[in-house]
Each structure stands twice: as C-alpha cells, then as structure tokens.
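A.B. asks: Supplied in structure tokens, the structure appears directly below.
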Amino acid sequence: MASTLHRVPCSHASPRSDLTPRRLSGGNCTVRYPRRSRLLSLRTRCVAERIKKAEVSSEKILEIQGTKEISITSNVSAEEAEDTGKEEQPKTGVRLNIVFVTSEAAPYSKTGGLGDVCGSLPIAFAARGHRVMVVSPRYLNGVSNKNYDNAVDLGRRININCFGGLQEVAFFHEYRAGVDWVFVDHPSYHRGGNPYGDTRGAFGDNQFRFTLLSHAACEAPLVLPLGGYTYGEKCLFLVNDWHASLVPVLLGAKYRPYGVYKDARSILVIHNLAHQGVEPAATYQNLGLPNEWYSALEWIFPTWARAHALDKGEAVNILKGAIVTADRIMTVSKGYAWEITTIEGGYGLDHLLGSRKSVLNGITNGIDVDEWDPAKDKQIPSCYSIDDLSGKALCKQALQKEIGLPIRPDCPVIGFIGRLDYQKGTDLIRMAMPELLNEDIQFIMLGSGDLATEEWMRSAEATYPEKFRGWVGFNVPLSHRITAGCDILLMPSRFEPCGLNQLYAMRYGTVPVVHATGGLRDTVENFNPFANEGRGQGTGWTFSPLSKESMLVALRYAMKTYREHKDTWEGLMKRGMSQDFTWDNAASQYEQIFKWAFLDPPYIQ
Ligand SMILES: Nc1ncnc2c1ncn2[C@@H]1O[C@H](COP(=O)(O)OP(=O)(O)O[C@H]2O[C@H](CO)[C@@H](O)[C@H](O)[C@H]2O)[C@@H](O)[C@H]1O
C-alpha cells in the first residue's frame, strides 16, 4: 500500500497546470494526505468517539475496526442493541460511498422541494447501509446561522482556482442521522436573503458561488477524513440541478486525466429543468476548466431568443455540461423523465436528453414521513391518524381562527402552498378567484416569489375579507398547519417534476386537486366514483388541459363531493393517507440505477 493516498501529479506539462486540483494554500502542488497508519488511528479515535456517544451498536464495533465498511445503526444505542440482541441489517446488497452535491439541504437550508429531498433522501441511503456525505454551502444570512451550530470546522482549507484567482474555502461538518453533512464555507455564502437572492432579485455572482461548490465537492471525498478516513475515489456523486452540474465535467476534465476518480460515477438528478445556469460565453474562462472542454458547456440560443441582430447567442449552460458528461441522468418522477425529452417540456434540452434516453430514468420522490406525520406533528394543534380523524377537524378550526377567517366547520377550505412562480400556475389561481369565491368556500394561500402575485394576495384579502387569506413569505410551521387544516390542496402547476405538497396533503388527509402533469399525474389518482363496486377509487382530482375552466370543473367536483357525499370524501382521505411515500421505497429503486451506473464504464473516461 502506498504511503500516501490519492497523490495527483503536479503536471506542469499542461498549459493549464494551474487547474490541477491538488493546490494547497501554502503553494504545494500536491495535498499531503495523511499516511494510511495515521488514517487508521484517526479512524479508531473517531470510532471510539462514536461508541462513547453510543451512535454505533456494540456488535458493529469489531466490524468498524476491522473492515472498510461502516454500518451505522442510527437510532439504536449500544445498550439497546446489546439488550435486545437484535441489530438492523443493512438493506442494501452493495454498500456505496455516496456524495450528494446540492445547493440546499433541509433543515440547514431550504427554499423548496430540492431542500426537502436532499435533507431526507441521504438519511434513507445511510439507513440502508451506505456511507453518505452531503456537500452544500454554509449559508449565513443572520437568520439561518443557528442551523449550522453543530457543524464544526474541520480545519481543512483548499484553494480553488477559478474566476481569475485562488479562492480559499473551508469545510464544516456535522454527523447526524448517519450522514456526514459537509458545509462549504466561503464569504460569498455569508449574506442576507435566501441561497439564490434577496428582495432585489437573484445574486449576480451565483455562477461563482456554485462553481466553488462543485470544485469543493470534488475535493471533499479526497481530503476530508470523516469518521477518521476519507471517502476516497470510488464514490458515487449525485449532483442535483445546475448548481452542482460542474461536478461531472470536472471529473472528466480535471481529475481523470491525472488518474483520479477513474472508478467514480456521477448521476445528474434533475429537479427542475427550467433553471439551467446559463451565462455569457465569456464566463467560461472563470470556471476552472481546460479550454478544450468548452464544447461540453457550449450553448447557442436560437435566433428568436437573441437580443439583437449582432448577438450570436453564444453562452455557457452548466446543466447541459452535466447532461453530456454524467454517467446517468435521473428525474424525480417517471412522467417528468418522459416530458423533458419532448419539445414542450425540454426547455431546449429535449434533443440532448433524448439522445441519452438509454440512461435516463425517473423515480418518484419520497417524503420525510417523520417530519410529515399527522399522528405526531408538533407543528399542528391536534394530531390525528387514519383511525381517528377527529383531530383534523380541530386543525381546521384552529387554522381558520389563526388566519382570521370565520370558523365554519362545514365550509370547504382550499389551500395553496408554494413558490409564487410561473411554474406553479399562480396566474391561473388569480384568474379563477373571482368566480371561485362566488362559491361558499374559503381559500388560503401561502407563498413568496413573484412580487406582482404577492401584491395581488394582499389586495385579494381586502377584497374578500370573509373568504380569502394570503400569507406572503416562507413559513414552514404554517405550511404544516395549512396542510393539516385544509380540506383540499390546489396545485395547478404548469409543469411539476414531482411535487411534494400533494404528497404531504395526501398523508394529512387533504385531498389534492392538481393539473395532470409530471409527478402530479404520477402520484394523484383521479377519483372514479363508480369503480370498486361503487365504493369509489382514487386519491384526488387531476385536470387537463391547464385552463381556468378545467381547473374550476375539478374544484367544483371536489367541493360537491365534500358537501354532499361525506362517506365518499372520507374514503378519498383515507386512500390518500394510506399511500406509501417513504423514502425507503424510492431509495431501493435508486439502488438499481446505481448498480447500472457501476456496470457500465465511466461515460467520460
Ligand atoms: N412559502 C412557503 N412556506 C413554507 N414552505 C414552502 C413555501 N413555499 C414552498 N414551500 C415548501 O417547499 C417545498 C416545495 O416543494 P415542491 O416539490 O412542491 O416544489 P419545488 O418547485 O420547490 O421543487 C422542485 O424539486 C422538487 C424536489 O425534487 C420537485 O418535487 C418539484 O416538482 C420541483 O419543482 C414544499 O416542502 C413546500 O411545503
């Protein structure tokens, strides 16, 4: 065994040798990795610490000390495991080193569904026996700082060569729920607002901030001795959306030419194709990539999308870079996996995605069934379950009271939660509202984003004081109370890669009414009152086409059923509540894709 691990030659032969990954702040060309013996002693120390903290069952101690694999029985203390003599066995056949790269991970950072997924899917993989690291920025915006209280500075600094200079980043780390949460620290992540922007709009340096993230994520498995030893080169990168999409390009352009990461694989997970990280072509030189890799990111806008006659439409598209270099591509539902290969859903990338159809799969997201559990949710005023729904009625009354609407148990309450964005079809809600509020209903909206829609929500409250409430902002506890207290959840999304709110709604016995698109069509079964010998079948209503009229038709069916067919309504609620949306289910499907990824040679050698 070599005394140092992962030594990368400092190839001065390359005209861009400044791009070699191993630079240290001190100017050395290679990182001095700890010797193997030191790694083992670090590992032993860390194991001792974990044993002390009773994070590892006693039966596992020998295994940890003696083998390369770590299996954490996350919720079982050493004493418990000894007492019962039982121990969770890893569910996976092949244990992998999985590295999530993401711009958000709840509860540390979240602006939407990406944060939810990257906060809970890693835990599901860890529980199945994989070693899992999540690499994400350490956002300090004044409000979120406390989220990182338990993350300690690992004392590792690396210099990233991009944007015309060396950028020093640090790594913070928290080990929680069997997962190594790694936070990349850099001054550009320390500012007010959310991860992408503030009240003045998107940050102008997002390309820089997420370039740093991708470079740092490529280094993390090599340089961070987590739990005493590094993840090493044979790992699987799960890169989420455009913010992490430089990772597969970097593997091919910056590491493999030096023999590093030859056994790694990368999978691009697309949560939202509408955001691609497109910037002027001139920014390519900032990304820390060799010139000859330009074509991987090259993007030419069609003529109609150019600003003027002399505009050649030349740009770089970071997401495209991952589409053409990742070993496999995934989306968050089967329906969306197909939609993105069509001209309507492909956002200009349909041809490229179609050309990689053989490695493109969709797996429906799961949800965090502990955080979203009406039987033990601390955020709602009264818990309930499929066996006793009485608490739901109390949640409805409490919501009406909290939000200042008349307390009326029999009046159907319709809710909407989400980003106020073109994607979510909020324009349709605005258009339909005068007609909808002619009915005897109440409507509650929670969201932030598009300023005009926020303004409209405020004015709608004034126009319909007895029927409409709009809460402008991002408020997770309130989103739980709305999900529990409403009867119907409306999601008229133009496109929806998966959608999580309809899953939360069903789990809380709130009946979804959704546009039949992407993951919404895959997860909500349209109600059929005649099926099942007249007992009915389905979990909600799906409407199509996306028009005000068809949305109102679906909502009227729902309201009529709610008012006039109480038993049928309860059947709808209970069928929704009994769906299996656990991450474990999704994670086992992911493992099949992982197997395929390692069966094939790396797509970019
Ligand atoms: N104002 C607010 N206050 C509190 N909570 C709020 C909120 N606005 C939104 N949320 C929360 O943010 C999450 C939104 O998740 P979605 O999956 O519905 O949409 P999003 O478009 O962000 O995600 C993208 O990624 C996910 C994950 O893959 C896909 O499901 C989805 O289709 C895709 O568009 C939910 O947890 C929701 O409750």
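A.B. asks: Checking the conditions here, which among Ile123, Ile98 is assigned to a helix (DSSP H, G or I), more than 20 Å from His190 (Cα to Cα) and modelled with pLDDT of 95 or more?
C.D. replies: Working: Ile98 fails: assigned to a helix (DSSP H, G or I).
Testing whether each residue is assigned to a helix (DSSP H, G or I), more than 20 Å from His190 (Cα to Cα) and modelled with pLDDT of 95 or more leaves just Ile123.
A.B. asks: It is to be established whether one or more residues within the range 552-572 are in a loop (DSSP other than H, G, I, E, B) and under 27 Å from the mean Cα position of the chain (by Cα).
C.D. replies: Looking only at the range 552-572, we keep the residues that are in a loop (DSSP other than H, G, I, E, B), and these are 565.
Of the ones still in play, those that are also under 27 Å from the mean Cα position of the chain (by Cα) are none.
No, the conditions are met nowhere in the range 552-572.
A.B. asks: Determine which member of the set Val117, Val132 is crowded, with 23+ Cβ neighbours inside 10 Å, within 30 Å of Leu599 (Cβ to Cβ), away from the ligand (no atom under 14 Å from the Cβ) and in the same structural domain as His186 (by the TED database). First the steps, then the outcome.
C.D. replies: Numbers: Val117 fails: away from the ligand (no atom under 14 Å from the Cβ).
Result of the check over Val117, Val132: Val132.
A.B. asks: Which condition does Ala309 not pass, out of (1) assigned by the TED database to the domain that holds Asp241; (2) out of contact with any Leu (no Cβ under 7 Å at 6 or more places or on another chain); (3) not in a helix (DSSP H, G or I), if it passes all the others?
C.D. replies: (1)
A.B. asks: Out of the residues in the range 455-480 meeting the condition of being aliphatic (A, V, I, L, M) and touching a residue at least 12 places away in the same chain (Cβ under 8 Å), tell me which one is farthest from the ligand (Cβ to nearest atom). Break it down stepwise before answering.
C.D. replies: The first filter runs over the range 455-480 and keeps only residues aliphatic (A, V, I, L, M), leaving 457, 460, 462, 472, 476, 478.
From what's left, touching a residue at least 12 places away in the same chain (Cβ under 8 Å): 457, 460, 472, 476, 478.
Numbers: Met457: 11, Ala460: 16, Val472: 8, Val476: 5, Leu478: 7 Å.
Across the range 455-480, the extreme among qualifying residues is Ala460.
A.B. asks: Evaluate the following for Thr111: is it within 16 Å of the ligand (Cβ to nearest atom), in contact with a Cys (Cβ under 7 Å, 6 or more places away or on another chain), of a type outside the set (Phe, Trp, Tyr) and over 19 Å from Pro225 (Cβ atoms)? Write out each step before concluding.
C.D. replies: Numbers: within 16 Å of the ligand (Cβ to nearest atom): yes; in contact with a Cys (Cβ under 7 Å, 6 or more places away or on another chain): no; of a type outside the set (Phe, Trp, Tyr): yes; over 19 Å from Pro225 (Cβ atoms): yes.
So Thr111 does not fit the description; no.
A.B. asks: Just a yes or no: is a residue in the range 314-330 surrounded by fewer than 18 Cβ atoms within 10 Å (Cβ to Cβ) and farther than 30 Å from Glu591 by Cβ?
C.D. replies: Keep residues of the range 314-330 that are surrounded by fewer than 18 Cβ atoms within 10 Å (Cβ to Cβ), which gives 314.
Checking the rest, the ones that are also farther than 30 Å from Glu591 by Cβ come to 314.
Yes, there is a match, as at least one residue in the range 314-330 is surrounded by fewer than 18 Cβ atoms within 10 Å (Cβ to Cβ) and farther than 30 Å from Glu591 by Cβ.
A.B. asks: Moving to a separate point now. Determine which member of the set Ser382, Ser355 is in the same structural domain as Asn272 (by the TED database) and either free of Cβ contacts under 8 Å to residues at least 40 places away in the same chain or closer than 30 Å to Asn585 by Cα (or both). Give the derivation first.
C.D. replies: On the way: Ser382 fails: in the same structural domain as Asn272 (by the TED database).
Step by step, each of Ser382, Ser355 is checked, and only Ser355 is in the same structural domain as Asn272 (by the TED database) and either free of Cβ contacts under 8 Å to residues at least 40 places away in the same chain or closer than 30 Å to Asn585 by Cα (or both).
A.B. asks: Let me ask you something else. Condition check: over 23 Å from Gly473 (Cβ atoms) and modelled with pLDDT under 95. Does Asp370 satisfy that?
C.D. replies: yes
A.B. asks: Do any strands (runs of 3 or more DSSP E) lying entirely in the range 128-208 carry at least 1 residues that are within 17 Å of Thr102 (Cα to Cα) and free of Cβ contacts under 8 Å to residues at least 24 places away in the same chain, and which ones are they?
C.D. replies: Values: elements: 131-137, 152-162, 165-176, 179-185.
Per the criteria, 165-176.
A.B. asks: Out of everything in the range 573-586 that is in contact (Cβ under 8 Å) with a residue 40 or more places away in the chain and not in a helix (DSSP H, G or I), what residue ends up being surrounded by the most Cβ atoms within 10 Å (Cβ to Cβ)?
C.D. replies: Here the answer is Phe581.
A.B. asks: Another question, if that's okay. Counting only residues that are within 16 Å of the ligand (Cβ to nearest atom) and surrounded by 15 or more Cβ atoms within 10 Å (Cβ to Cβ), which one in the range 374-394 is farthest from Pro122 (Cα to Cα)?
C.D. replies: Result: Ile380.
The values are calculated or read from the model by the stated rules, or taken from the named source; none is laboratory data. Just so it is clear, the structure is predicted and the values come from calculations on it, not from any experiment. Methodologically, a virtual Cβ is constructed for each residue, glycine included, from the backbone with ideal geometry; neighbour enumeration extends over all protein chains shown.
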